[in-house]
Each structure stands twice: as C-alpha cells, then as structure tokens.
Amino acid sequence: MRFARSTGIILVVLLALGAWFLSLGSSEGQQPPPAWKQGQPPELANSPLAPVPAPPTPTPAAKIPINKVKLPSGFSINVWADGMNNARQMAWGSKGTLFVGTRVAGNVYAVVDKSGKREVKTILKGLAQPSGLAFKDGALYVATIPNLVKYENIEANLDNPPAPTVVYTFPPRETHHNWRFLAWGPDGKLYFNMGAPCNICMPPDTHANVSRVNPDGTGFEYVAFGVRNSTGADFHPVTKELYFVSHGRDWAGDDFPNDTLHHAPKKGLHFGYPYCHQGDTPDPDFGKGRSCSEFAPPLLKLGAHIAPIGTRFYTGNQFPPEYRNRLFIAQKGSWNRSVKQGYRIMTVDLKPGQPPKYEVFAEGCHEGSTVHCRPTHIEWMPDGSMLLSDDYHGAIYQISYKR
Amino acid sequence: MRRYTVAAMGPALYTAVIRYWVLMLPRPRRITVAPVVALAIISTTTALVSVAPGADIEAGRRKAEACLPCHGASGNAITPGTPSLAGMPAFYTHWQLIMYRDGRRRDVQMSPFAVNLSDADMADLAAYYAGQTPRVRPVEIDATRAVAGRPLAQSLHCGSCHGPQLMGQNQVARLAGQDFDYLLKRLRGYKAKTTSDLDGMMTMVAQSLSEEDIQNLVHFMAGAAPTPASAGGDGR
C-alpha cells in the first residue's frame, strides 16, 4: 500500500516534470519582457503605467516650480545649483567640491565655488550609469554598472581627471536595478546595493542584497540578503547600525506591497525577497511553501510604490534639536500606481524602545498627476542645511532653517 | 522567395489588410505590406507630443535646413541607411544628439555636426522633427519575412517600449516605416555591442537574435506603416 502510494507520487512528479519541459518547448523564443514590465499580470497588459523617463536636458533654475514645495515652519527651499542633467547621489570632496552622479546621462559633475559663485563642471562623461559616489583620502569613488572605480587626487584635477583605477568588479551581466548607491560604513568599508535584475524573479545568488568591500576592493562580503532594490542607506549616528530602504515589487496593486525601511544590526539577515513582501505577505508565486516568519521583517512600511531613495540621518546643528539623529527619506515615485503618491521627504524618529515615528517633512512635489519635482538624494551642507538632488530637473535644492 | 513593393492601396488591399491586421486571419501571400487604413482604425492612442520646455519649433525648422541633405524634407529621408526623423519622439532625437555630442554615439557625418550644437539647438530640432508627419520609406519588403517578424517582435516585447504601433514614445525610437538599411545596421550593432545604447536595454535584447531573426524583424518593421495619430507621442 505504502509502495503504491509513493509510486503514485513519483508518477505525478514525473508527469509534472514532463509538462514543464513541454511548456518550455512550446514557448521557445519567448523572451522575458523588459525588466520593469516583468511580473505584470495579463489583465494589466495594456496598462499605461511605465517608469518616468529622464528628460534629455536639465531644467533651468528659473523654470523649476520650487515654490510648490511645502515645508515645516521656519524652513525654506531654493535652487542651489542647476544644469546637471539627471543629478543623483552627491559626495563632498575634502576641499569643498560637491560631486554629483547620474544614471542615463552617464556624467559626473563637480560643483565648485569660484570666487563666491557656484560653477558646475562636467568632469566625467560616457560612464555606465554612474549613480553612486563616495569620497575618501583625495579619491572619488564612482559605482558604475560593471565596476567600482576611483579617481585619485581628483580635486586638483577637475579639468583633466586622471585615468580611473578599478577597485572592484561587480558580478557581471545584470544591469537592471544595478545602478548603485555608495555609503561609507563605520567600519571604513564601502557599502552598496546589487539589486534583483527584474521586477519579481528568483534572483541570481549574487544579487538582491546589500554588500560591502574594503576601500581597496578586497574583503567583499554580503551584508543583507533578500533585498529587492535598495537605493539608499545610512548608519545610525549613535548605534552605528545599518539602516537601508528598499523598493517593493511592481504590478501587484496600487497599495501593495509597501516600500520598506530595514534595520540590519548584524550581517547575514534575509529580508524576504522574492518570497515575502513587506514582512507579512507571501509572494503569490515565489511565496508558495514559504512563510514570512522565516525572514527579518522591515522596520517600517513606507507606502506603496513611493520609491524611497535618499536615506540620511541628520547630525547637523542648523535644524531644530528634535531633528537631530532623525532619518530623512526622499521619495521620487510613484510610477506603478494609478494615482500618484510619494514625491516628498519623510522623517523617521527612531527613539530607543519606541515604535518609529514616520512624518512628512517636505511635500507638494506633485499635484494629482502633475509632477513638479522628484526628491532624489540627500547630502548635508557643512552649515547643517540639506542639499536635495532632483534627477528629473537636473538640479540641487538647498533646504535651510532659520528661527 | 517572392518580393513585393510597398505601394498605394486599392480596395483589394484594404480587404486583405482588414483580414490580416484586424481579424488576425492568415495572410494571403500576394499582398503588399502597407496597413495604413487598418492601423489608423485600430489606433486609439491619443498622445501628447512631449518636448523639452522652451523648445522653439519654428527655430527648429530653420536649423533643420542643415540636416535636409541627408534627412530629407520634413525629416523624411530617402537615402538608404539614413533614418527618417519625422515623427520621432522629441526626447529620442534630443537624447541621440546629446550622445553624439558626448561621443557615446559615433558617426562620420553626425559626430562633427553634433559637436557644435547647443542644448537649445537640440531641443528645437527634436521638437520640429517630432511634429513632422512620417512617411513610409520606399523599400522592397519580403512578405514572408515580414509575417515571420511580427510574432517575433511580439515575443521580444518590442511594443512595451516602442508602443503598440512601434511609433515610439518619450526616449524610445519610432520603428514603424523606418529605413530598412538603418534598422538592419542598428540591430546588428546592438547584437555586436557596438551601437550606442541609452540604458543597455537594446543591447540585452539583441543578444538572443540570429541574423535570420534580425532580417525578419527589419522586414516587419520597415514595412509597418507609421500612424500619424500617435506620431511623436509619449502615450503614457
């Protein structure tokens, strides 16, 4: 009896395998759709939703509707620098140069102070999505799709940058979700994302994580697993622990899943992708036979499709004291949602022993379907004010506080 | 292998076109590939022409006189190997000019020309061409190959970015009715990883294509009639 039953099971498995091979055979030649469209259910095949394209040129400062941005009392915003097409992550040089990365523009810019006037120079061109930047010991580190490179003694050679040296070569072949952020850890290591090369899929072992290397490219380590697409990270000013954001999957509904904020107090945690979304809901396909309890839950749900990106703790002295050590999260979405949401900056108050407090800091970057600005990355001015890049207008804004 | 010329339509063609393109019935062998009427009927896209802020179409018309010897009157080129720019989405033309100027896309004629263009020149030219009506290029289309190219284009999801009628949108090019030799050159270039690529998507897609696939796709695309209703639109 037992034998008969197990034979039956084996037969069923064999039949299923046969059907699987046949189905592969019949779909021969069928290519996966573009990564952003992958995972879209058939009933949404004609959805007009698509990622917002980067315009070919930056918007001149005078044409950016910056007055639409609403801030708490005492705060003001102005265009700090413009003319940097597709501006993304920023990094300060030690001599006061602000470096600015891009994605499809392929450029790296330098903003320098020239006798009291800000000047924008295009210092690098034609790179593969040089989104992530970091600076240390005179060298500019640039994360492109294929590798992490550095330009030594860059600030003395802005008009004629030296040839780069390759610090680390990323796992090959994947482009989608592999434009990167860079962040220095308290351990002196450089942290970056290697996103899932798809909307929803079983990612290669090398992808869907946050990882780190030493500044010389040695000592590669995975830090966090099961991370679909992290675009920003920072370390708590007091505990020195890693916090990072991640973008949830698309095409699963206007309000599901949430994009997320994660806390990784130790390395090696798995945050659920592609099995479990937002810590509590298994994926309809990849979640079968898995449980969300296997994975580290997010610290906070940030809203669906809002596309968190710039993620930085405030350590300056200009903003009122209640902002000190608060996490600021810039949100440049949504696109995969029938009614837009996001397009704002939020703060997260992480007081020990209390649930995180999630509050609006800046909003007004969209009215209905009209987008006025796209908050992208955050950097801090030496005086404690905020610099905010906008990769749609190709500009950097300054947000200041005055009592 | 029979070859047919894209030509004006008669009533018989109209019927054939409706049979094939609307009802998706098997295509009779002896027809030309010019489904203008049917595509106009099934095209329901109402799209806006998105141009860079401040672009001056009239200035673009004047500046485009320098491009006329190669790209033709109103951006409809006649030289094989040279793309028609009429009805190209403005973002597309603008990005390509930027890439020529930056050296990320290279061409013996275009590179020296683009070096001297300002951002405003590019915006004006792109806006002007986006507003021009694209015309199908005179070319011999192999009907058998075109028929084979259509499902291939579907399985490759070309329409996801290039639009259901392959008219392009935003930063993505119009393919419908584009020059045969130009399409061939670009697809072969993507496959060989020698053609400029804004975001890496086309290089990735082209890796799986055989020369046979490329031929079939190009016969299908060059023979597909451009639909002015969505010309230059962003459709999103």
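Here the Gaussian network model covers chain A, with springs between Cα atoms less than 10 Å apart; of A:GLU43, A:GLU294, A:GLU363, A:GLU43 fluctuates the most.
If a/c stays under 1.5 just call it rounded; otherwise compare a/b with b/c (prolate if a/b is bigger, oblate if not). Do that for the protein assembly as shown, with a ≥ b ≥ c from the square roots of the Cα gyration tensor eigenvalues. Taking the square roots of the gyration eigenvalues as a ≥ b ≥ c, the protein assembly as shown is oblate. Per-residue ellipticity at 222 nm from helix content only, as computed over the protein assembly as shown with -39500 (n - 2.57) for each DSSP H run of at least four residues, stands at -6000 deg cm²/dmol. Would you mind checking the tilt of helix A:2-26 against the longest principal axis of the Cα atoms of chain A, expressed as 0 to 90 degrees and rounded to 10? With rounding to tens, the tilt is 50 degrees.
In terms of the mean number of neighbouring beta-carbon atoms within 10 Å, the peptides A:348-359, A:133-144 order highest first as A:133-144, A:348-359. Note on the protein assembly as shown: dipole from Cβ charges, positive end direction compared against B:PRO83, A:PRO172, B:ASN216; the farthest Cα belongs to B:ASN216. Summarising the label geometry, the points placed 7 Å from Cα in the beta-carbon direction at A:VAL339 and A:ALA62 lie 3.8 nm from one another. Packing around the peptides A:376-382, B:128-134, taken as the average count of other Cβ atoms within 10 Å per residue, puts them in this order, highest first: B:128-134, A:376-382.
Near A:VAL167, the amide H atoms lying under 5 Å from its own belong to A:LEU148, A:VAL149, A:LYS150; only residues 5 or more places off or on other chains count, and H is placed 1.01 Å from N. In terms of packing, defined here as the mean over residues of other Cβ atoms within 10 angstrom, the peptides A:273-280, A:180-187 line up highest first as A:273-280, A:180-187.
For region A:151-269, a crude dipole built from +1 on the beta carbon of Lys and Arg and -1 on the beta carbon of Asp and Glu, taken about the Cα centre, is about 360 debye to the nearest 20. The mean count of C-beta atoms from other chains within 10 Å of the C-beta of residues in A:56-69, rounded to a whole number, is 3.
Note on chain A: with charges restricted to the Cβ of Lys and Arg (+1) and Asp and Glu (-1), its dipole about the Cα centre is near 360 debye. Between A:THR281 and A:ASN160, the contour length at 0.36 nm per residue exceeds the Cα-Cα span by 38.4 nm. Here the simple spin-label model places points 7 Å from the Cα toward Cβ, and for A:GLU241 and B:SER118 these points are separated by 5.6 nm. Computed from backbone phi with θ = phi - 60° and the Karplus coefficients 6.51, -1.76 and 1.60, the 3J(HN,Hα) list for region A:340-354 is 5, 8, x, 6, 7, 10, 10, 10, 10, 8, 10, 6, x, x, 10 Hz; x is used for glycine and proline. Beyond 31 Å in Cα-Cα separation lie the following of the pairs A:LYS340/B:LYS185; A:LYS114/A:LYS351; A:LYS63/A:LYS240; A:LYS150/B:LYS193; A:LYS68/A:LYS189; A:LYS68/A:LYS357: A:LYS340/B:LYS185; A:LYS114/A:LYS351; A:LYS63/A:LYS240; A:LYS68/A:LYS189. With a 10 Å cut-off around each Cβ of A:46-53, the average count of Cβ atoms from other chains is 4. Can you work out D for region A:256-403 in µm² s⁻¹ from Stokes-Einstein, where Rh is the Kirkwood radius over C-alpha pairs, the temperature is 37 °C and the viscosity is 0.692 mPa s? It diffuses with D of about 197 µm²/s by this estimate. The ranking of A:ILE329, A:ILE399 by Cβ neighbour count inside 10 Å, starting from the fewest, reads A:ILE399, A:ILE329. Taking only Cα atoms and a 10 Å spring cutoff, compute GNM fluctuations for chain A and point out the largest among A:ASN325, A:ASN107, A:ASN153. The residue with the greatest mean-square fluctuation here is A:ASN153. Note on A:277-289: average number of Cβ atoms from other chains within 10 Å of each residue's Cβ is 0.
Rule-based calculations on the coordinates, nothing more; no lab input. The structure displayed is predicted, hence computed values, not measured ones. All Cβ positions, glycine included, derive from the backbone under ideal geometry; neighbour counts span all protein chains shown.
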